[in-house]
Amino acid sequence: MDSNVTGYILKAKFNMNGKVRYLKQAAPRSREDNRELTEYVRRMLEDIDRNGDEAVRRYARELDGWTKPEFRVSAAEIDAARKEVSPLFKEDFAYCKKQITAFAKRQRDSLSEFETQFGEGITLGQKIIPVETVGCYIPGGKYPLISAAIMSVATAKVAGVTHVIGAAPPRKGAGIYAPTLYALAESGADEIYCIGGVQAFAAMAYGRVGMRPVDMITGPGNSYVAEAKRQLFGLVGIDLPAGPTEILVIADDSADPALVATDLLGQAEHGPDSPAWLITTSEKIGREALAEIERQLLTLPTADVAGKAWARWGEVAVVEDDDAAIALSDQYAPEHLEVFSARNDYYLQNLKNYGSLFIGEESTVAYGDKGVGTNHTLPTGRAARYTGGLWVGKFLKTVTYQRLTEKASERIAPIIGRMCATEGMLAHEITATVREQRYSQRQKRSAG
């Protein structure tokens, strides 16, 4: 979460005519000084850029305990992973992959190329071209996010990306976690490398340890990975500068407070910096949800993590009505937004800022995270105000082209020339003027 978000929201509530009352509130904090982290990542990327494979091997040895000479995963290692994972896992994975790729294909089909006349003799068109080479990173820290392979690799393949490199860190200096390796292979990765963290993104961007340089990198990770993506953006494209995961639940008096508490804690287990927010039109539901969270933390297997996240970043806000709930939620612009209300369709129609919306108690973030069909790589830190998440279109370039007849070029040249002159761009003006003169003379010669 952007460290300034909570402070922003605290100020924002005063713009809602006093319609917000907090039963629990995260303490605001000023933006953390990340200069040390930023500088560390900068030096690391510069080292890999200058010193190539030698630097990558050094970081892999120091940070991941990787001492093997090769990073690329062999066909034999992939076959071993296929044998290691259970038949039930394979069935579950196949279902999730089918759901996610089917949704991605439907999204791809919604995009179209066209060529149309825009005035006599002026043809304008749009082409949709896949990115050629993409690097997809799958983290392997506290939770190896196996489903991320489908979200990135398989979605890129649906888009038509020619070459996809998959990368994941070793576990305890050994190979990639078998289910993750299986997921990368089954999702369609053309090459797979056992490499983690900043060095993985740098290797993909610069083309190190046998990789070809990619055009785009994707994948979640810790704060160092996020900073590496930020610094590499421009040299390569990125999916999203994602931060810690977020959940916001909107609930009215029809909601089950126990289920609300379960879903808030379900996302809080991601890490101690993961915010979980509740906006409710019922103070009774808010207080019961607070009590439920404390009760469930007593037995939750990941309470050590979720409890810290909730204690520091959990919030419960009581608002007057549905419109106030919508207004406050749009200020949070959460990554994941669940709605438990008697007016779910009203919320669907009027909410504007969220990464992905889960409507009704029958839906839950875990479904979207693992394989119901939508993509789980989503904007955090209020970025949902201006962008959606990863989708098939992220791997596609929408490019344009123009084709004019001589008559159309002659006709439009004076207009464009005058616009150029007004801007003081006289060389631009000449490119239009010479065409007006050339085609005018041709027309005269043809008429004579």
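Computed from the coordinates by the stated procedures, all read-outs in this text should not be read as laboratory data. Because the structure is a prediction, the values reported are computed rather than measured. Backbone-built Cβ (ideal geometry, glycine too); neighbour counts: all protein chains shown.
Note on A76 and L235: with the Förster distance fixed at 51 Å, the Cβ-Cβ geometry gives a FRET efficiency of about 0.90. Dimensions of the stretch 180-293 along the principal axes, based on C-alpha atoms and rounded to the nearest Å, stand at 59, 30, 20, largest first. For the chain, the longest principal axis of the Cα atoms and the long axis of helix 35-64 meet at an angle of about 80 degrees.
Taking every alpha-carbon pair within the chain, the share separated by more than 41 Å comes to 31 percent. Relative to the longest principal axis of the Cα atoms of the chain, helix 406-422 runs at roughly 70 degrees.
List residues of the stretch 234-270, by number, whose backbone nitrogen lies under 20 Å from a label position 7 Å along Cα→C-beta of E132. 234-239, by backbone N distance to the label point.
Nearest 10 degrees, 0 to 90: what angle lies between the long axis of helix 197-206 and the longest principal axis of the chain (Cα atoms)? It is inclined by approximately 10 degrees.
For the stretch 136-242, the calculated P(r) over all alpha carbon pairs, in 5 Å bins from 0 to the bin holding the longest distance, is 2, 14, 27, 27, 21, 8, 1 percent.
Here the label points at R43 and S254, each 7 Å from Cα along the C-beta direction, are separated by 5.8 nm in the simple model. The GNM of the chain, with springs linking C-alpha atoms under 10 angstrom apart, assigns the highest mean-square fluctuation among T422, T377, T405 to T422.
FRET efficiency for the pair R287 and K172, taken as 1/(1 + (r/R0)^6) with r the Cβ-Cβ distance and R0 = 45 Å, rounds to 0.50. Among T281, T400, T245, the order by Cβ neighbours within 10 angstrom, fewest to most, reads T400, T281, T245.
Pick out, in residue order, every one of the GluC sites (Glu not before Pro) in the stretch 325-416 that is DSSP loop and has at most 12 other C-beta atoms within 10 Å; say none if there are none. Sparse-neighbourhood loop GluC sites (Glu not before Pro): E362.
Computed over the stretch 405-447, the quotient of the alpha carbon radius of gyration and 2.2 N^0.38 Å is 1.18. For I415, I48, I326, the sequence from fewest to most other C-beta atoms within 10 Å is I415, I326, I48.
Bridge orientation summary for the chain: considering DSSP beta bridges with both residues in this region, about 35 percent are antiparallel. When E283, E227 are arranged by Cβ crowding within 10 Å, least crowded first, meaning fewest neighbours, the order is E283, E227.
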